[in-house]
Structure formats: C-alpha cells, structure tokens
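This report refers to the structure that appears directly beneath it.
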Amino acid sequence: MTNSPPASGTVERTLRILETLASAPEGMPLAAVSTELELPPSACHRLLAELVRCGYARQLRAQGDYALTTRLPALGLSYLGGAGIVDIAQPIIDRIAETSGELVRLALVDGSRLTFVAKAQGARSGLRYDPDMGIDVQLSCSAGGHAWLMTLSDERATQLVAAQGFGDPKQYGPKAPTTFKALMKILEDDRKRGFSMMSEMYAPGMTAMAAPVMRRGQGAVAVITIAGPLQRLTPQRMTQLGQPLLAAAAELAVASTSSPLFAARH
C-alpha cells in the first residue's frame with residue numbers, strides 16, 4: 001500500500017484511481033483498488049464505473065479487472081506535443097543517445113516532482129535498460145533525482161527527499177543511500193563533478209548519470225539522464241560521457257526558452 005493519506009473528495013479520489021491504475025497496466029480488481037486507496041468498495045465501484053463511461057478505463061472482462069484505456073496517455077501526448085517539447089528536445093536526446101549507445105531520457109521539474117517525458121534508446125543490441133515512462137523519479141537513489149537535488153541547498157534537497165521518502169530498500173539497488181548523511185555526501189561529489197553519477201543505486205546491475213538543465217534566474221527546469229547496464233556503462237565510460245552530456249544539457253537550456261513546459265515550477 002502507498003503511504004498517502006486516504007482519498008477524500010470525489011476529484012481527488014478519481015485522480016488517485018487513475019494514478020493507481022497507471023501503475024498496473026495489466027489491470028487491477030476492484031477489491032485491490034479499494035484497499036490500495038482505503039476507499040469503501042461501493043464508492044470505488046461508482047468512480048470506476050464513471051471512468052469506464054467516460055472512456056478512461058475499461059473492464060478486461062465481465063466483472064473482471066479494471067485497466068486504463070489509451071485515452072489518458074493520448075491526452076498527455078497531445079499536451080506535450082502542443083507545448084512543443086518533442087520538437088525541441090527530441091533531436092538533442094537522439095544525438096546523445098547515439099553518442100552514448102544507451103538510454104537517454106528527459107525529466108521535467110514540476111513542483112516537488114521530477115517526471116520523465118521523453119526518451120531515445122541508443123542501444124542497438126545486447127542488454128537494454130528501458131523502464132516505464134511518465135513515472136515520477138525517485139529522488140533519493142536516481143541519477144536524475146541527484147542531478148536536480150545537487151542544484152538546490154542541502155536544506156531544500158532534504159525537504160524534498162523527506163516528503164517523498166527513501167522508499168523500501170528492497171525495491172532499489174544495493175548501493176542506494178538510506179540516510180540523509182549518505183545522500184548529502186553523494187550530492188557533494190556530484191556538485192564537484194558537475195553531473196551525477198551512480199552505480200547500482202536505483203537497480204542492481206544498472207548505472208546512470210544525469211545533468212541538470214539550468215535556466216538563468218530559474219534554476220534547474222529539467223534533467224537529462226543516461227542509463228545502462230553496469231557491464232557496458234562503466235564508471236570510466238560515464239566519465240568520458242560527462243562533457244557530451246553537459247553540452248546537451250546546455251543546448252536544452254537554450255532551446256527551452258521556446259516552450260512553456262520548461263518554465264520552472266518549483
């Protein structure tokens with residue numbers, strides 16, 4: 001179960017249901033959704049029925065699990081497309097993906113959240129790291145999270161991580177920091193380097209690096225990340241990719257002025 005408080009108002013409940021179903025593309029039974037959100041089954045059923053009626057959810061079979069339709073993702077893609085983010089960022093992301101031969105992603109800063117919105121896969125063969133898009137970034141143990149946190153004061157970084165939590169250590173890599181002292185030491189090293197770099201923090205056998213996209217007078221508005229398997233994206237390889245990644249982040253910062261989505265929303 002999540003650590004979020006029980007949903008109250010109808011709008012909040014509906015949005016929580018959408019978020020819950022988004023994490024279960026294979027579908028969830030009514031009882032599981034009800035338990036996850038601490039809602040009465042009758043109220044949960046009414047809201048799910050409304051989502052089905054409006055085309056945002058469907059039942060996989062009669063009296064079966066509920067799952068999202070493609071309407072919500074299509075809405076998000078339409079929004080991102082209208083804001084011009086794909087036209088602006090994709091060529092830059094594609095180029096660094098080709099240079100690195102690994103997965104490159106862009107995440108936007110939005111309040112206390114960091115959310116992936118665009119990607120390019122540079123790996124043409126062998127192992128590929130390619131997690132779900134549209135997810136909020138785990139700040140405490142992800143390269144993208146560290147790249148954002150390193151641009152903030154220790155106090156603000158601590159506030160953001162405290163609000164999100166360190167999560168269950170079993171869900172992340174063996175080297176994921178679990179204390180603020182350990183995290184602050186990592187951020188100190190990242191600031192000296194100019195970009196974050198990690199090995200087996202977010203997931204076993206996976207390494208990643210990230211650089212913040214900085215707007216003058218606004219701070220970090222996004223981060224660009226490179227991630228791949230440890231056997232290929234070694235610490236030495238990440239060091240070699242440091243300057244190309246920083247150059248891509250600087251290019252994104254200049255290009256970002258033409259899209260309202262890149263406006264800082266701290």
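The table for this structure:
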{"read-out": "Zone of residue 175's modelled label, taken as backbone nitrogen in region 194-216 under 18 Å from a point 7 Å along Cα→Cβ", "value": "194-211"}
{"read-out": "Virtual spin-label span in nm between residue 45 and residue 15, 7 Å along Cα→Cβ", "value": "2.7 nm"}
{"read-out": "Net length gained if the chain between residue 23 and residue 112 were fully extended (0.36 nm per residue, minus Cα distance)", "value": "30.1 nm"}
{"read-out": "Per-residue Cβ neighbour rank within 10 angstrom, fewest leading, 197, 209", "value": "197, 209"}
{"read-out": "Packing-based order for 93-102, 224-233, using average beta carbon neighbours within 10 Å, highest first", "value": "224-233, 93-102"}
{"read-out": "Once the Cα gyration tensor of region 79-262 is diagonalised, semi-axes √(5λ) in Å", "value": "22, 20, 15"}
{"read-out": "Distance (nanometres) between label positions extended 7 Å along Cα→Cβ at residue 239 and residue 156", "value": "3.1 nm"}
{"read-out": "Proxy reagent accessibility, fewest Cβ within 10 Å first, across 46, 58", "value": "46, 58"}
{"read-out": "Proximal aspartates and glutamates relative to residue 181, as straight alpha-carbon distance under 20 Å, when same-chain residues fewer than 8 apart are discounted", "value": "154, 155, 168, 189, 190, 200"}
{"read-out": "Spin-label pair residue 94/residue 67, simplified geometry with 7 Å Cα→Cβ offset, distance in nm", "value": "3.1 nm"}
{"read-out": "Candidate lysines for bridging to residue 185, where Cα separation is under 21 Å - those fewer than 8 sequence places away on the same chain excluded", "value": "175"}
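Values in this text are rule-based calculations from the coordinates and carry no lab data. Just so it is clear, the structure is predicted and the values come from calculations on it, not from any experiment. Every residue, glycine as well, gets a Cβ built from its backbone with ideal geometry; the counts of neighbours run over all protein chains shown.
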